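The values are calculated or read from the model by the stated rules, or taken from the named source; none is laboratory data. Please read these numbers as outputs of a predicted model, since none were measured by experiment. Backbone-built Cβ (ideal geometry, glycine too); neighbour counts: all protein chains shown.
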Ligand code: FSX
Ligand code: SF4
Ligand code: F3S
């Protein structure tokens, strides 16, 4: 059995250390929460849901709450490279300020091009100042791919004309932890789609340190804030999958937790958008859903403060948290390879999931185990 006591001791030690450090923000988190009309009970509920999302036992709930309050001890530097800023939007544009957003804002955000007031020379100075002052302590979050062709000159940032690649390397050098936010910074994203003229890459390709990859175009605010919370609580990276994605968020297939899964197993599919099947909420596989090949927690955590996710909104998953998805998962509204849906679909999808991920066992739910394909899979193994 996993030794949670050791993890708990580590967390206590870390929180103790943080509480002795000076707060970098003038307003305590509780004041911001109260001003937003959120009460203590809702905050504790958020803490217990966050503990559960991070696959920690309920005993960690008070520590999650404490870590959120101490987030203002952790300096955060957030870089934008080649991307659309949808990742920041996913986090900050919830219809009402969610607790995830409030806690993100409570971190000591030393540099973030989209939301800071400074511009031009002053912004560059702010970045240089933060990298110097908090050397070895700050958390670095990077949104966007790094263009590497022509020595990185396809992306220059700021008045001094530094390349994104140079800024990234400099910032990574003094970082205590590095998080790639979104598929672009994790795997290259749309910029890296064929023919990739700018040589765009995931940031781990040009950095020598470990990077946590938060796949998703964009990732949900839960996955972004949950990962930052894990770092605040333990001062280290969470357990990762083979693509360096946190296992607590990317450990299961979209297909395995999808609310339309019963229709998939019953063979009830949307044949084209707007038909009777669509109105009945049938499975979207035949109109291109890539949920069977995609690892992410969208069905359980959702977006915009838990309001919705692509399949609930009526479109198939396009596999946005997987490496190279713009090339490997397209066409987005057609099944991959237009495979025969009737007999061997389940088997095929699980084989593909297995091959894509290079793992020997695919997470098959109890429900799926009962289905015909799983039986066939077992027989052939
Ligand atoms: Fe990429 Fe994030 Fe997609 Fe956009 O910055 S993951 S294009 S949602 O915004 O990087
Ligand atoms: Fe859900 Fe897509 Fe799987 Fe159908 S194929 S059950 S819509 S994830
Ligand atoms: Fe992306 Fe699929 Fe989730 S498209 S947002 S991984 S449902």
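Restricting attention to the stretch 189-205, does a residue exist that is within 16 Å of ligand 1 (Cβ to nearest atom) and within 28 Å of residue 64 (Cα to Cα)? No: the stretch 189-205 contains no residue that is within 16 Å of ligand 1 (Cβ to nearest atom) and within 28 Å of residue 64 (Cα to Cα). As an exercise: evaluate residue 43 against (1) surrounded by 13 or more Cβ atoms within 10 Å (Cβ to Cβ); (2) part of a loop (DSSP other than H, G, I, E, B) and give the number of the one condition it does not meet. The failed condition is (2).
Quick check: anything in the stretch 4-20 part of a loop (DSSP other than H, G, I, E, B) and touching a residue at least 24 places away in the same chain (Cβ under 8 Å)? For the stretch 4-20, residues part of a loop (DSSP other than H, G, I, E, B) and touching a residue at least 24 places away in the same chain (Cβ under 8 Å): absent. The requirement of being buried (at least 21 other Cβ atoms within 10 Å of the Cβ), in contact with a helix residue (DSSP H, G or I) (Cβ under 6 Å, 6 or more places away or on another chain) and not in a helix (DSSP H, G or I) is satisfied by residue 77. Being at pLDDT 95 or above, within 19 Å of the chain's Cα centre (by Cα) and within 16 Å of ligand 1 (Cβ to nearest atom) holds for only one residue in 253, 245, and it is 245.
The residue of the stretch 131-158 that is surrounded by the fewest Cβ atoms within 10 Å (Cβ to Cβ), among those that are farther than 27 Å from residue 107 by Cβ and in contact with a helix residue (DSSP H, G or I) (Cβ under 8 Å, 6 or more places away or on another chain), is 151.
Residues are listed down the side, and each one gets a yes or a no for (1) crowded, with 24+ Cβ neighbours inside 10 Å; (2) closer than 29 Å to residue 48 by Cβ; (3) assigned by TED's automatic domain parsing to the domain that holds residue 53; (4) more than 11 Å from ligand 2 (Cβ to nearest atom):
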residue	(1), (2), (3), (4)
214	yes, yes, yes, yes
219	yes, yes, yes, yes
236	no, yes, yes, yes
279	no, no, no, yes
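Report whether or not residue 178 is away from ligand 3 (no atom under 16 Å from the Cβ), more than 16 Å from the chain's Cα centre (by Cα), farther than 29 Å from residue 314 by Cα and crowded, with 17+ Cβ neighbours inside 10 Å. It is false that residue 178 is away from ligand 3 (no atom under 16 Å from the Cβ), more than 16 Å from the chain's Cα centre (by Cα), farther than 29 Å from residue 314 by Cα and crowded, with 17+ Cβ neighbours inside 10 Å. For the stretch 238-264, filtering for residues that are out of contact with any helix residue (DSSP H, G or I) (no Cβ under 9 Å at 6 or more places or on another chain) and buried (at least 19 other Cβ atoms within 10 Å of the Cβ) leaves 0.
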